[in-house]
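The values are calculated or read from the model by the stated rules, or taken from the named source; none is laboratory data. Here the structure is a predicted model, which means the values were calculated and not measured. Cβ sites come from the backbone with ideal geometry, for glycine too, and all protein chains shown count toward neighbours. Heads up: the accessible areas ignore ligands, DNA and RNA and are worked out on the full protein's heavy atoms, side chains in. Shrake-Rupley method; radii C 1.70, N 1.55, O 1.52, S 1.80 Å.
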Amino acid sequence: RRNQKVVEEAPAPALPDALRAGLHEAARALARSVDYRSVGTVEFLVDPARDAFHFLEVNTRLQVEHGVTELITGLDLVGLMLDVAGGAGVPADAAPSGHAVESRLYAEDPARGFQPNSGLLTAVRFPPGVRVDTWIDIGTEVTPLYDPLLAKVLVVGRDRAEAVTRLGDALTATEVAGVETNREWVGA
């Protein structure tokens, strides 16, 4: 919505193995060419019809969706950044396992064109066993002065189907009252 991603997943679904390997090697080559030694994101646009990709940008920081990478690799990306900054070597690539999906829960009203919503939170409940990156609690005042992101709800499964099902269950079990949210729109 409004050119912002609200659902993230890893690994990218339906990507041929050769194309995936090419993306990984292009990202590694780019990092080597500038002697980059930290966590970052190399972004590409993929053209599946041509089985090709094109460089888009590099973000030399954590992205909001870094949690899906952590869930499928078992890595603590913040810890790695600190370790490397402190002089530790850059670790070898981690082999991904499973599939992770993240939904961003926003204080906004989908019925009103995703207009940001503000108010006092009177209920906040997230299900156990699910990763939730959040700053809210009962009594939090959500003001119109900042980005309306309330939480990221993240799940991992053996495969994409299981992860999508787990995310739907997690969002259904999530309760945030006092402001309108996009909870139902992102999958509950």
Mind giving me the FRET efficiency for residue 120 and residue 172? R0 is 25 Å, r the Cβ-Cβ distance, nearest 0.05 is fine.
0.55
Probe of 1.4 angstrom, ligands and nucleic acids ignored: what's the accessible area per residue over the chain, in square angstrom?
57 Å²
So for 112, 28, what's the accessible-area order with a 1.4 Å probe, most first?
112, 28
By how many degrees, between 0 and 90 and to the nearest 10, does the Cα long axis of helix 17-33 differ from the longest principal axis of the chain?
80 degrees
Hey, got the dipole for the chain? About the Cα centre, +1 on K and R Cβ, -1 on D and E Cβ, debye to the nearest 20?
120 debye
Ignoring ligands, DNA and RNA, please state the percent of accessible area on region 21-167 from carbon and sulfur, probe 1.4 Å.
56 percent
Relative contact order %, the chain, counting alpha carbon pairs below 8 Å whose residues are six or more apart
22 percent
When the chain is modelled as a GNM with alpha-carbon springs shorter than 10 Å, which of 110, 127, 16 fluctuates the most?
16
